[in-house]
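Written out below as structure tokens is the structure these notes cover.
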Amino acid sequence: MPADRRVVLPMLLLSAVLLCARAASAGSPDPPAAAPAPAAAPEKTVYLTFDDGPSEITPTLLDVLKEHEAAATFFVCGNVTEFGNTVYNRILDEGHALGNHTFSHRYSTVYKSADAFEQNVARLDDLIHRFTGTRPRLLRFPAGSNNRITRGPDGKSITHDLVNRMAKQGYRHFDWNVDSVDHGANASDARAIARTVVEGVLKRDQAIVLMHDSYTHAATVEALPLILRELRSQGYVFKPLSETSYTVQFLKPQAAAAP
Ligand SMILES: [Zn+2]
């Protein structure tokens, strides 16, 4: 046996012994387990919602959301033009949620009766299906689910009946817990809209924010980047609504009474 092999062989054996010893120590009992980590705090989430589009400002709202990598929900009305087709599809293609806000939104038409409301929702549902191949199950009642715009023959508001009917058809409705007031006193003041939204959201871990998408809402477009930057810096994430997401319902559907 050459001299070098005589040296190498014992050294290989020694290495093997050391490796075995290390493996054995790795298998020894773990040190006492640390106290279990506290449950993770729920994610602070903002659901921005834009009602009444498609409009001239929808493409810009979508551009701003894309630039900030934020998702939102658009409760749209009927627009049979190629522009409407493009906007509905762009909303879905860019990861936002699309919801039904009735075809015409005209209170005198949609709230004329419960049947009229159903027909108006179905008309928009058919249009969106024709343009996008999907039938959104998210619904926002014009003026909210607790509006008292129309009373039935018995003098009571028809909204209880509507809320139950639409739930039975598989729709899930969404009201809001933060109103941007971009349709009221703040309508033309981007900073006031942003401040109202941020202050309202900061009081909550889950917020559904009411905003508007129409040509009169240039200030809403201007407020959007301010809202996105500030709330993100406060640890919020922006998500689209869904059939299983958080919701706010001023009026909740009631299960049918047992016979
Ligand atoms: Zn509306």
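The values are calculated or read from the model by the stated rules, or taken from the named source; none is laboratory data. The structure presented is a predicted model; accordingly, all values stated were derived computationally and were not measured. Neighbour counts run over all protein chains shown; Cβ positions are idealised from the backbone, glycine included. The protein model used for the area step is the full one, side chains on, heavy atoms only, and it has no ligands, DNA or RNA in it. Shrake-Rupley method; radii C 1.70, N 1.55, O 1.52, S 1.80 Å.
Kindly check whether there is at least one residue in region 69-84 that is in a loop (DSSP other than H, G, I, E, B) and without any contact (Cβ under 8 Å) to a residue 24 or more places away in the chain. If you could, list the steps in order and put the result at the bottom.
Taking region 69-84 first, the residues in a loop (DSSP other than H, G, I, E, B) are 69-72, 77-81.
In the following step, the residues that additionally are without any contact (Cβ under 8 Å) to a residue 24 or more places away in the chain were identified as 69, 81.
The answer is yes, given that some residue of region 69-84 is in a loop (DSSP other than H, G, I, E, B) and without any contact (Cβ under 8 Å) to a residue 24 or more places away in the chain.
Tell me the residue from 189, 213 that is touching a Gly at 6+ places or on another chain (Cβ under 6 Å) and either surrounded by fewer than 15 Cβ atoms within 10 Å (Cβ to Cβ) or touching a residue at least 12 places away in the same chain (Cβ under 8 Å) (or both), please. Spell out how you get there, then give the answer.
Details: 189 fails: touching a Gly at 6+ places or on another chain (Cβ under 6 Å).
That would be 213, the only listed residue that is touching a Gly at 6+ places or on another chain (Cβ under 6 Å) and either surrounded by fewer than 15 Cβ atoms within 10 Å (Cβ to Cβ) or touching a residue at least 12 places away in the same chain (Cβ under 8 Å) (or both).
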Those residues of region 85-98 which are open to solvent by less than 30 Å² (accessible area, probe 1.4 Å), without any contact (Cβ under 8 Å) to a residue 40 or more places away in the chain and over 13 Å from the mean Cα position of the chain (by Cα), in sequence order: 87
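Mind telling me which of the residues 92, 138, 98, 127 ends up being closer than 22 Å to residue 209 by Cα and away from the ligand (no atom under 16 Å from the Cβ)?
Details: 138 fails: away from the ligand (no atom under 16 Å from the Cβ); 98 fails: away from the ligand (no atom under 16 Å from the Cβ); 127 fails: closer than 22 Å to residue 209 by Cα.
When all the criteria are applied, what remains is 92.
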Give me a count of the residues in region 99-133 that are in a loop (DSSP other than H, G, I, E, B), out of contact with any Ser or Thr (no Cβ under 6 Å at 6 or more places or on another chain) and open to solvent by less than 60 Å² (accessible area, probe 1.4 Å). 7
Please indicate, with yes or no, whether at least one residue in region 125-139 is hydroxyl-bearing (Ser, Thr, Tyr) and on the phi > 0 side of the Ramachandran plot. no
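Across region 197-244, which residue is farthest from residue 186 (Cα to Cα) among those that are within 16 Å of the ligand (Cβ to nearest atom) and hydrophobic (A, V, I, L, M, F, W, C)? Give the steps one after another, and end with the answer.
Of the residues in region 197-244, the ones within 16 Å of the ligand (Cβ to nearest atom) are 208-217, 220, 241.
Pick out the ones that are also hydrophobic (A, V, I, L, M, F, W, C) and you get 208-211, 241.
Details: 208: 18, 209: 15, 210: 13, 211: 11, 241: 25 Å.
Per the criteria, the residue is 241.
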One residue is enough: does region 234-257 have a residue meeting the conditions open to solvent by 20 Å² or more (accessible area, probe 1.4 Å), over 22 Å from residue 145 (Cβ atoms), assigned to a loop (DSSP other than H, G, I, E, B) and at pLDDT below 95? no
Mind checking which residues of region 144-178 are open to solvent by 50 Å² or more (accessible area, probe 1.4 Å) and within 15 Å of the ligand (Cβ to nearest atom)? 146, 149
Of these, 151, 140, which one is out of contact with any helix residue (DSSP H, G or I) (no Cβ under 9 Å at 6 or more places or on another chain) and free of Cβ contacts under 8 Å to residues at least 12 places away in the same chain? 151
